[in-house]
Amino acid sequence: QVRLKESGGGFVQAGGSLRISCTASGSLSSNAAMGWYRQSEGHERELVATIRSGGSTNYADSVKGRFTIFRGGAPNTVHLQMNTLKPEDTAVYYCHAHQTVLTGWGKATTDYNYWGQGTQVTVSS
């Protein structure tokens, strides 16, 4: 089965930078989309950034221009470079992977979603 492991979370002052990483193990397809979500106290889990196998990316409006998602280092490894951090960025950040598998008949497909355990990012004022 697929397992996702995050690393790099920590404590940083407002205006600082931090890089978090995620590595997938198991039978995740090399063309799977990967990304980051976050959840803070009293808020719903929200999308932060995603990257598809072809390299296209998508960002939440709240982080656009400050955060960058990119692949590298190993197969099915994704990083999130977070710059100009704000106290409101404080949250548990979760790695996510998604893949769509074509079945052996017709055009039917099956979707799969995988989640990591999360890494804490705390930004102080």
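Sub-8 Å Cβ pairs linking a first residue in the range 98-121 that is touching a residue at least 12 places away in the same chain (Cβ under 8 Å) and loosely packed, with under 10 Cβ neighbours inside 10 Å to a second residue that is part of a loop (DSSP other than H, G, I, E, B) and not aromatic (F, W, Y), at least 6 apart or interchain, number zero.
Look at D111 and say whether it is over 13 Å from the mean Cα position of the chain (by Cα) and modelled with pLDDT of 95 or more.
Against the criterion (over 13 Å from the mean Cα position of the chain (by Cα) and modelled with pLDDT of 95 or more), D111 does not qualify.
Taking residues in the range 1-19 that are open to solvent by 30 Å² or more (accessible area, probe 1.4 Å), and partners anywhere that are of a type in the set (A, V, I, L, M, F, W, C) and assigned to a loop (DSSP other than H, G, I, E, B), the pairs with Cβ atoms closer than 7 Å and at least 6 places apart or on different chains are A14/L85; G15/L85; S17/L85; L18/L85. For the range 26-49, a residue qualifies if it is in contact (Cβ under 8 Å) with a residue 40 or more places away in the chain, under 27 Å from T122 (Cβ atoms) and in a strand (DSSP E or B), and the qualifying residues are M34, G35, W36, Y37, R38, Q39, V48. Would you confirm whether or not the range 33-48 contains a residue that is buried (at least 18 other Cβ atoms within 10 Å of the Cβ) and charged (D, E, K, R)? Yes: one or more hits. The single condition from (1) in contact with a Cys (Cβ under 9 Å, 6 or more places away or on another chain); (2) under 15 Å from G118 (Cβ atoms) that E46 fails is (1). Considering (1) free of Cβ contacts under 8 Å to residues at least 60 places away in the same chain; (2) touching a strand residue (DSSP E or B) at 6+ places or on another chain (Cβ under 7 Å); (3) open to solvent by 30 Å² or more (accessible area, probe 1.4 Å); (4) not in a strand (DSSP E or B), the lone condition that V63 does not fulfil carries the number (3).
The values are calculated or read from the model by the stated rules, or taken from the named source; none is laboratory data. Everything numeric here is computed off the predicted structure, so don't read it as measured data. Positions of Cβ are backbone-derived with ideal geometry, glycine not excepted, and every protein chain shown enters the neighbour counts. SASA here: full protein model, heavy atoms, side chains in, ligands and nucleic acids out. Shrake-Rupley method; radii C 1.70, N 1.55, O 1.52, S 1.80 Å.
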